[in-house]
Amino acid sequence: MKQLLSCLLATFSLIGVAQVHCDGTRYIEPVFANVDSVVGIQFGSNTTIGGFQKNLLMDIYLPPSEFFFERPLVVFAHGGSFMVGSRKEMRPLCIAFAKRGYIVATIDYRLFDAFSLPLDSLLVFDVAVKATMDMKAAIRWFRENAAGNNDYGIDTHLIFAGGVSAGAIAALHTGFLDSTDFVGHLAFDSILQENGGIHGNSSNNHQYSDAVKGVLNYSGALKDARWIDPGEPVVFSVHDELDGVVPYHRDNSDAMGVPVELWGSYEVDQKARAAGIRSQLVTIANSTQHVSYFLNGTNTADYALAIDSAGIFMEYAICDRALSARDHHRLPKPSMLYPNPADNTLRIRDAFDVDQLEIIDAAGRVVQTSAVMSSSSINISSLQRGIYTVRMLHDKAVIGSEQIVKR
């Protein structure tokens, strides 16, 4: 009986910890000033396209450990067209998420190193599959560690795959590629089998799952967004609308020197929503750059939008707000509208719940109505200076309202 009581107390203690984690701020705001890191951890090994053996390493960034257990994990892969780049490039992004309470890893993956070969589309997909399998090996490594030493206190049900550009392509395929997706594509099925099958051969710990809760897609794409099926991971995306490197829509990319058709973030978002999967797409409207929101510096509004919106999206998935509306409304929530005061552009956090805004002046008149589609920014340049009430609607029902100051 005493042993049973101890187990029950331990269970209640863990439940209490989880409840403290979901306080409406952690995972959204940078609640920690400093983070720790562990660098150069090997999680796998495999052969490159050029025939060289590569040890796969990762760096891990950790928030303070006052709540050691039940911590979500994000595994990031860097960009570079599968040809160049380093896991070290992801350090600022890793720190940004670790300060919000996530365990964050930035991983190596095998880059294209066979430049003497004639390049064709199948080789492009071969290197993308290799990167995907390397990411899956990293995810399995964390689950194996959690089952053993449990050095990082992660919740193995709350693992997110993320990446930028080529790394986001690997993350999306980690989340959505399964054994049924290559039916009818014999060439791609052959590539998959040559790389160890659907789970890869970058590590031999296949008794552990490489499934993920969600995907953070920063300007990535899928080979075919029709591979997205009901019940698969939630997905958050940011993409420049006129991106000429990785397409926003369904189009060819020649980033590696060979035209390859890809289904970009817009198609991913549309297919996910059609499959009943929670998805948010933040569009950087009219931008012709690739990953502009990161390239233009950490102190820009678009950089903040890319990080803050992802934090809100993941916090919703982690804390499962949909299960208890009562608890959701009791929790303190950050403002959904920013910046405030605003100049000409108003941005919306958590835009996947909002499909329309009504802006009301001090006299109670609706002076602007704006649809919220894939973009989460609204042009308010036509408004006069003053204080306005903004009503947020979903399916014509008001789900929230806030006051803003137009400068």
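Just to be sure, is ASP254 surrounded by fewer than 18 Cβ atoms within 10 Å (Cβ to Cβ) and closer than 23 Å to PHE294 by Cα? Reasoning before the result, please.
Numbers: surrounded by fewer than 18 Cβ atoms within 10 Å (Cβ to Cβ): yes; closer than 23 Å to PHE294 by Cα: yes.
So ASP254 passes the test.
Considering only region 137-185, how many residues are part of a helix (DSSP H, G or I), among the polar types (S, T, N, Q) and surrounded by 24 or more Cβ atoms within 10 Å (Cβ to Cβ)? Break it down into steps so the answer makes sense when it comes.
Here is the first cut: in region 137-185, the residues part of a helix (DSSP H, G or I) are 137-147, 166-176.
Filter once more, so that each one left must be among the polar types (S, T, N, Q): 145, 174.
This time we only want the ones that are surrounded by 24 or more Cβ atoms within 10 Å (Cβ to Cβ), so: 174.
Qualifying residue count, region 137-185: 1.
Scan region 358-383 for residues that are under 17 Å from ASN344 (Cβ atoms) and either at pLDDT 90 or above or in a strand (DSSP E or B) (or both) and jot them down.
ILE359, VAL367, GLN368, SER370, SER377, ILE378, ASN379, ILE380, SER381, SER382, LEU383
Take the residues in region 392-407 that are more than 11 Å from LEU337 (Cβ to Cβ) and assigned to a strand (DSSP E or B); name whichever of them is farthest from the chain's Cα centre (by Cα).
The first filter runs over region 392-407 and keeps only residues more than 11 Å from LEU337 (Cβ to Cβ), leaving 393-399, 406-407.
Right, trim to assigned to a strand (DSSP E or B) and you get 393-394, 397-399, 406.
Numbers: LEU393: 25, HIS394: 24, ALA397: 29, VAL398: 28, ILE399: 25, LYS406: 32 Å.
Among those that are more than 11 Å from LEU337 (Cβ to Cβ) and assigned to a strand (DSSP E or B), it is LYS406.
Test THR132 against the stated conditions and say whether it is surrounded by 22 or more Cβ atoms within 10 Å (Cβ to Cβ) and either of a type in the set (Asp, Glu) or without any contact (Cβ under 8 Å) to a residue 60 or more places away in the chain (or both).
no
For region 124-136, indicate whether the set of residues that are of a type in the set (Gly, Ala, Ser) and in a helix (DSSP H, G or I) is non-empty. Outline the logic, then answer.
Here is the first cut: in region 124-136, the ones of a type in the set (Gly, Ala, Ser) are 128, 131.
The next check asks that each one be in a helix (DSSP H, G or I); those that pass are 128, 131.
Yes, that holds for at least one residue.
Does SER219 satisfy being buried (at least 23 other Cβ atoms within 10 Å of the Cβ), of a type in the set (Ser, Thr, Tyr) and either under 22 Å from the mean Cα position of the chain (by Cα) or over 23 Å from ILE284 (Cβ atoms) (or both)?
Numbers: buried (at least 23 other Cβ atoms within 10 Å of the Cβ): yes; of a type in the set (Ser, Thr, Tyr): yes; either under 22 Å from the mean Cα position of the chain (by Cα) or over 23 Å from ILE284 (Cβ atoms) (or both): yes.
Against the criterion (buried (at least 23 other Cβ atoms within 10 Å of the Cβ), of a type in the set (Ser, Thr, Tyr) and either under 22 Å from the mean Cα position of the chain (by Cα) or over 23 Å from ILE284 (Cβ atoms) (or both)), SER219 qualifies.
Go through region 367-407 residue by residue and tally those that are within 26 Å of HIS239 (Cα to Cα), surrounded by fewer than 16 Cβ atoms within 10 Å (Cβ to Cβ) and among the aliphatic types (A, V, I, L, M).
Final tally of qualifying residues: 2.
Name the single residue that is modelled with the highest pLDDT among those in region 231-271 being of a type in the set (Gly, Ala, Ser) and more than 14 Å from the chain's Cα centre (by Cα).
Let us first name the residues in region 231-271 that are of a type in the set (Gly, Ala, Ser), namely 231, 237, 244, 253, 255, 257, 264-265.
Adding the requirement that they be more than 14 Å from the chain's Cα centre (by Cα) leaves 231, 244, 253, 255, 257, 264.
Values: GLY231: 94, GLY244: 94, SER253: 93, ALA255: 83, GLY257: 80, GLY264: 98.
Among those that are of a type in the set (Gly, Ala, Ser) and more than 14 Å from the chain's Cα centre (by Cα), it is GLY264.
State whether one or more residues within region 265-273 are outside any helix (DSSP H, G or I), under 18 Å from LYS223 (Cα atoms) and charged (D, E, K, R). Spell out how you get there, then give the answer.
Step one: filter region 265-273 for residues outside any helix (DSSP H, G or I), giving none.
So far as region 265-273 goes, no, none of its residues is outside any helix (DSSP H, G or I), under 18 Å from LYS223 (Cα atoms) and charged (D, E, K, R).
Counting only residues that are among the small types (Gly, Ala, Ser) and either not assigned by TED's automatic domain parsing to the domain that holds PHE97 or not in a loop (DSSP other than H, G, I, E, B) (or both), how many does region 201-233 have?
From region 201-233, those among the small types (Gly, Ala, Ser) are 202-203, 209, 211, 214, 219-221, 225, 231; that's our starting set.
Cutting the leftovers down to either not assigned by TED's automatic domain parsing to the domain that holds PHE97 or not in a loop (DSSP other than H, G, I, E, B) (or both) gives us 214, 221, 225.
Qualifying residue count for the region: 3.
Check region 14-35 and report whether any residue there is closer than 30 Å to MET256 by Cβ and either modelled with pLDDT of 95 or more or basic (Lys, Arg) (or both). It would help to see each step written out before you state the result.
Filtering region 14-35 down to residues closer than 30 Å to MET256 by Cβ leaves none.
Checking region 14-35: not a single residue is closer than 30 Å to MET256 by Cβ and either modelled with pLDDT of 95 or more or basic (Lys, Arg) (or both).
The values are calculated or read from the model by the stated rules, or taken from the named source; none is laboratory data. Note that the coordinates shown come from a computational prediction; the quantities given were computed from them, not determined experimentally. So basically every Cβ, Gly included, is an ideal-geometry build from the backbone, and we count neighbours across all protein chains shown.
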